[in-house]
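The values are calculated or read from the model by the stated rules, or taken from the named source; none is laboratory data. Keep in mind that what you see is a predicted model, and the values were worked out from it rather than measured. With ideal geometry, Cβ positions are generated from the backbone for all residues, glycine too; neighbour counts draw on all protein chains shown. Surface areas here come from the heavy atoms of the whole protein model, side chains and all, with no ligands, DNA or RNA. Shrake-Rupley method; radii C 1.70, N 1.55, O 1.52, S 1.80 Å.
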Amino acid sequence: MVENMRYSNNDREDIKSLTLSELKEQMESMGEKPFRAKQMYEWMHKKLVTEYEEMTNIPAALADKCREHYHYTVLKTVRVQESKVDGTRKYLFELADGNMVESIWMRYKHGNSVCISSQVGCRMGCRFCASTLDGLERNLLPSEMLEQIYSMIRHTGERVSNVVVMGSGEPMDNYDNLLRFVELLTDDNGLHISQRNITVSTCGIVPKIRSLAERKLQITLAISLHAATDEKRIQLMPIARTYPLKELLEACAYYFEQTGRRITFEYSLVKGVNDTDEDVRQLAALIGHLNCHVNLIPVNPIKERDYVRTERRAVEAFKNSLEKYEIGVTIRRGVGRDIDGACGQLRRRYLEK
Ligand code: SAH
């Protein structure tokens with residue numbers, strides 16, 4: 001079942017997906033004072049309570065009314081796996097309808113970073129990715145994206161400084177909910193995460209990249225590139241048939257022009273597929289003119305496909321060659337490799353059992 005559940009879940013409005021001004025309107029239409037909206041918003045999005053009972057300054061009658069009127073999103077934590085290598089945690093959450101999503105908690109010197117999912121499953125069909133093997137189940141509500149973060153904060157008792165929408169799903173395929181998620185996440189009555197500390201990763205849905213550019217947000221756009229020619233990219237990512245590299249790169253230039261934000265290109269290295277000297281040259285020719293940064297990710301092999309990871313030394317060599325073209329490049333820290341680090345793997349393994 002695929003549908004945009006934007007507001008309703010069980011036919012009731014989703015209270016945690018409402019902006020503060022919408023919540024104010026709703027309070028007024030219920031005959032409540034508008035200041036109740038701010039109180040409730042803070043309970044939900046700043047103090048991160050999981051039920052109305054905890055909202056100590058909200059009258060019981062109002063709590064009852066809300067219970068009746070709205071759906072209140074909370075996720076059930078089904079599993080937490082902690083990496084022995086680097087302390088990375090991977091969470092598996094169950095949604096109200098029984099679907100599962102996964103999220104990652106990473107510790108860096110500069111603070112905690114979380115990676116969240118934007119959809120249950122995915123319909124983009126990238127060949128190396130586990131999230132897309134069973135297609136798209138449904139879009140996540142803004143509240144369901146937020147709650148992944150809130151649940152991890154409650155569990156760890158720590159703050160989050162960076163949010164990356166780089167888990168399962170294609171955020172640009174759930175565009176309206178993504179924008180609302182960003183609005184709620186950055187609201188100063190909530191977690192108040194700065195736009196600059198939010199990264200959204202896309203396989204390259206060009207019209208949505210252009211729309212996002214026009215909003216002039218300060219979020220970082222990460223593009224999953226993975227190949228420097230259309231021919232090769234189509235082999236790895238079916239979306240490349242719809243949006244060829246030329247259009248994608250023009251949209252990236254437009255994003256930079258509109259926002260001043262440097263583009264990040266993600267490039268998963270697959271042995272013998274996209275990691276040769278020729279690939280480096282083509283990549284440099286493709287993106288060298290842009291204000292960008294490349295993130296190299298040795299591919300995480302999934303058992304359903306026979307892609308093999310480029311060896312460490314060859315990854316270093318690829319990096320060094322790219323640097324000769326004066327392109328900024330980092331190798332993604334292989335976080336949580338011992339805990340099914342690749343997108344969608346934990347959920348799949350759980351569902352298989
Ligand atoms: N749909 C979005 C975000 C989700 S995937 C996108 O395509 O960008 C996050 C990143 O991980 C993408 O760059 C994706 O291509 C990459 N990825 C997915 N599976 C992978 C795997 N098995 N190994 C390495 N990278 C992978």
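Between the Cα long axis of helix 206-215 and the first principal axis of the chain there is an angle of about 50°, rounded to the nearest 10.
Legend: calculated FRET efficiency, T242 to Y325, from the Cβ-Cβ distance at R0 = 35 Å, rounded to 0.05, equals 0.75.
In sequence order, the range 107-118 has phi-based couplings of 9, 10, 4, 7, x, 8, 10, 10, 10, 10, 8, 10 Hz under the Karplus curve 6.51 cos²θ - 1.76 cosθ + 1.60, θ = phi - 60°, and Gly or Pro positions carry x.
Annotation: extensible slack from Y350 through H293 equals 17.0 nm (criterion: 0.36 nm per residue apart, minus Cα-Cα distance). Ignoring aspartates and glutamates fewer than eight residues from K47 along the same chain, the ones with Cα atoms less than 15 angstrom from its Cα are E147, E158, D187, D188.
With each label modelled as a point 7 angstrom along the Cα→C-beta vector, the D64-D277 pair spans 7.9 nm.
Per-residue ellipticity at 222 nm from helix content only, as computed over the chain with -39500 (n - 2.57) for each DSSP H run of at least four residues, stands at -10500 deg cm²/dmol.
For the range 1-129, the fraction of 1.4 Å probe accessible surface lying on carbon and sulfur atoms is 48 percent. Protein heavy-atom accessible surface, 1.4 Å probe, per residue over the range 1-129: 48 Å².
Shape analysis of the range 122-277 places it in the prolate category; the axes a ≥ b ≥ c from the Cα gyration tensor give an a/c of at least 1.5, with a/b above b/c.
Per the Kirkwood formula applied to alpha carbons, the range 31-83 shows a radius of gyration over Rh ratio, Rg over Rh, of 1.09. Taking packing as the residue-averaged number of other Cβ atoms within 10 angstrom, the listed peptides 217-225, 143-151, 281-289 run from highest to lowest as 143-151, 217-225, 281-289.
With coordinates expressed along the principal axes, the C-alpha atoms belonging to the range 244-322 extend over 40, 28, 20 Å, beginning with the largest. Between R332 and L179, the C-beta separation translates, for a Förster distance of 25 Å, into a calculated FRET efficiency of about 0.40.
Across all Cα pairs in the range 147-215, the calculated P(r) in 10 Å bins from zero up to the longest distance comes to 18, 52, 25, 5 percent per bin.
What distance in nm separates the simple spin-label points at K109 and V308, each placed 7 Å from Cα in the Cβ direction? About 3.5 nm separates the two model spin labels.
Computed over the alpha-carbon atoms, the range 214-270 gives an Rg to Rh ratio of 1.00, Rh here being the Kirkwood radius from the mean inverse distance. Compute the acute angle (0 to 90°) between the alpha-carbon long axis of helix 60-69 and the principal axis of greatest extent of the alpha-carbon atoms of the chain; round to the nearest 10°. Taking the Cα atoms of the chain, the angle to 60-69 is about 50 degrees.
Cross-link list K46/K76; K271/K303; K24/K46; K109/K324; K38/K65; K84/K109: which exceed 22 angstrom alpha carbon to alpha carbon? Flagged as over cut-off: K109/K324. When K84, K271 are compared by accessible area at a 1.4 angstrom probe, the order from most to least is K84, K271. Estimated from the Cβ-Cβ distance and a Förster radius of 51 angstrom, the FRET efficiency linking H192 and A317 is about 0.75.
Taking the Cα centre of the chain as reference, the dipole from Cβ charges on Lys and Arg (+1) and Asp and Glu (-1) amounts to some 940 debye.
Considering only protein heavy atoms, what per residue accessible area in square angstrom results for the range 192-303 with a 1.4 angstrom probe? Using a 1.4 Å probe on heavy atoms only, each residue of the range 192-303 averages 41 Å².
Under 5 Å from the amide H of G121 lie the amide H atoms of E137, each residue being 5 or more positions distant or on a separate chain, with H modelled from the backbone and absent for Pro and chain starts. P(r) for the range 93-178, from all Cα pairs and a bin width of 5 Å, is 3, 15, 26, 23, 17, 11, 5, 1 %, short bins first. Accessible area ranking (1.4 Å probe, heavy atoms, ligands and nucleic acids excluded), largest first, for R12, R127, R313: R313, R127, R12.
For helix 35-45, what angle does its Cα long axis make with the longest principal axis of the chain, in degrees from 0 to 90 and rounded to 10? Around 40 degrees separate the two axes.
Average 1/r across all pairs of distinct alpha carbons in the chain, invert it, and you get the Kirkwood radius: 21.2 Å. Heavy-atom surface analysis with a 1.4 Å probe gives the range 210-316 a carbon and sulfur content of 47 percent of its accessible area.
Global size of the range 33-159: 16.9, 53 Å for Rg and Dmax (C-alpha atoms, Rg to one decimal, Dmax whole).
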